[in-house]
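K.L.:
Can you read through this structure? Questions will come right after.
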Amino acid sequence: MENKNFSFIILTFNEEIHLPRLLESIKGLNAPIYILDSGSTDKTISIAYQYNAEVKINQFINHPQQWDFALKNFEVKTPWTIGLDADQIVTPELYQMLESFDNQRYENINGIYFNRKNFFQGNWIRYGGYYPIYLLKMFRTGVGYSDLNENMDHRFIVSGKTVVWKTGHILEENLKENDIDFWLKKHERYSDLIAQEELERMQNLRFQSLKPNLLGNPDEKKAWLKRLWWKLPLGIRPYLYYSYRMIFQFGFLDTKTARHFHYMQGLWFRKLIDRKIKDKIKADIKTSANANN
């Protein structure tokens, strides 16, 4: 019997090593599955059809725009939608919570945050601010939408009340990142998107969709921290962040592989972004000076 409470939407691109893992973890829930693919050339599409998913294809620009397309182009008929990435899986504990989900108990709620455990090269990133991390993954259909004011750091937004499920988890591990070159190339691309986004914020071309609130829901708290981040001096803030993450958020207690992740994601990546921002500012100043001569 098909699930009448919620449906899943999943984004994919060459996910043959991830998609079966995710779809197996939710198979017994008998929920409708919608997959938006970015033009996979492996077995992703055929795997999706094996699990009776409805598939659409859309050219990828960035995650917020891809999710926006998905939410607007799939005809989800259930009252709730769950948005997942292909490299995530639903744990048995979260599965049970979804299996026993009673829509009537959440009649005044528009969004539900799931707790995420992130893994890198087989290691759980337990410290450094990476756990717990609450992500808005389940929301009322037609109420939740994708935040297009972000170029890279995707999130769903809902109006009204939300709740946080602290027990039960989604596990996230991109097995492609076992090849460190894949990780580096991916974050090289990401750094371009984030640098461009920050430049547009400096020019007042982008604004935060959420009201920053350190005491608010997980996304409002993150919006507050981002606002603080943008005020910190370029080139110095990566060192401040990495030190805070490793010392005050106990990143030094993580495994050797996880500590390497903290260094790459918390320092190397942030330095790369700041360098690109400064290079672009210098180039714009030079162009402006030449135009005035």
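Bear in mind these aren't lab numbers, they're just calculated from the coordinates by the rules spelled out. The shown structure was predicted, so the numbers you read here are calculated from the model rather than taken from an experiment. Note: ideal-geometry Cβ built from the backbone for every residue, glycine included; neighbour counts use all protein chains shown.
K.L.:
Determine the percent antiparallel among the DSSP beta bridges restricted to the chain, to the nearest 5.
P.N.:
Of those bridges, close to 40 percent are antiparallel.
K.L.:
Comparing Gly216, Gly83, Gly39, which has the greatest mean-square fluctuation in the GNM of the chain with Cα pairs linked when under 10 Å apart?
P.N.:
Gly216
K.L.:
Need the C-alpha centroid separation for the stretch 80-149 versus the stretch 4-41, integer Å.
P.N.:
14
K.L.:
Can you tell me which of Pro32, Pro238, Pro79 moves the most in a GNM of the chain? Springs connect C-alpha atoms under 10 Å apart.
P.N.:
Taking springs between Cα atoms under 10 Å, the residue moving most is Pro79.
K.L.:
What order do you get for Trp230, Trp124 when you list them from fewest to most C-beta neighbours inside 10 Å?
P.N.:
Lowest count first: Trp230, Trp124.
K.L.:
Provide Ser46, Ser146 in ascending order of the number of other Cβ atoms located within 10 Å of each residue's Cβ, fewest first.
P.N.:
Ascending Cβ contact count within 10 Å gives the list Ser46, Ser146.
K.L.:
Report the convex hull volume per residue for the stretch 6-174, counting only C-alpha atoms, in Å³.
P.N.:
About 117 Å³ per residue, rounded to a whole number.
K.L.:
Also, quick follow-up: Any idea what Rg and Dmax come out to for the stretch 177-292 if you just take the C-alpha atoms, in Å?
P.N.:
Looking at the stretch 177-292, its Cα Rg and Dmax stand at 16.3, 55 Å.
K.L.:
While we're here: Filter the GluC sites (Glu not before Pro) in the stretch 91-182 down to the DSSP loop ones having no more than 15 other Cβ atoms within 10 Å, then list what survives.
P.N.:
Glu107
K.L.:
When the dipole is taken about the Cα centre of the chain, and only Lys, Arg (+1) and Asp, Glu (-1) are charged at their Cβ, what size is it in debye, to the nearest 20?
P.N.:
I would put it at about 1220 debye.
K.L.:
Additional query: Which value at 222 nm does the chain reach when only helices count, each DSSP H run of 4 or more adding -39,500 (n - 2.57), with the total divided by all residues and rounded to the nearest 500 deg cm²/dmol?
P.N.:
Result for the chain, helices only: -11500 deg cm²/dmol.
K.L.:
Need the C-alpha centroid separation for the stretch 179-235 versus the stretch 266-293, integer Å.
P.N.:
17
K.L.:
Could I ask something else about it? Mind listing which chymotrypsin sites (Phe, Trp or Tyr not before Pro) in the stretch 68-122 are in a DSSP loop and have 11 or fewer other Cβ atoms within 10 Å?
P.N.:
Passing both the DSSP loop test and the Cβ count: no residue.
K.L.:
Scattering from the C-alpha atoms of the chain alone, worked out with Debye: what is log10 I(q)/I(0) at q = 0.07, 0.09, 0.15 1/Å?
P.N.:
Cα-only, vacuum Debye calculation for the chain: -0.28, -0.47, -1.33.
K.L.:
Another one. Sorted from fewest to most neighbouring beta carbons within 10 Å, what does the list Val158, Val90 look like?
P.N.:
Fewest-to-most ranking of Val158, Val90: Val158, Val90.
K.L.:
Just in the stretch 1-62: which trypsin sites (Lys or Arg not before Pro) are loop by DSSP and have at most 16 other Cβ atoms within 10 Å?
P.N.:
Lys4, Lys43
K.L.:
Among DSSP bridges having both ends in the stretch 6-174, what percentage is antiparallel? Round to the nearest 5.
P.N.:
Restricted to the stretch 6-174, the bridges split so that about 40 percent are antiparallel.
K.L.:
Further question: How big is the convex hull of the Cα atoms of the stretch 128-205, per residue, in Å³?
P.N.:
154
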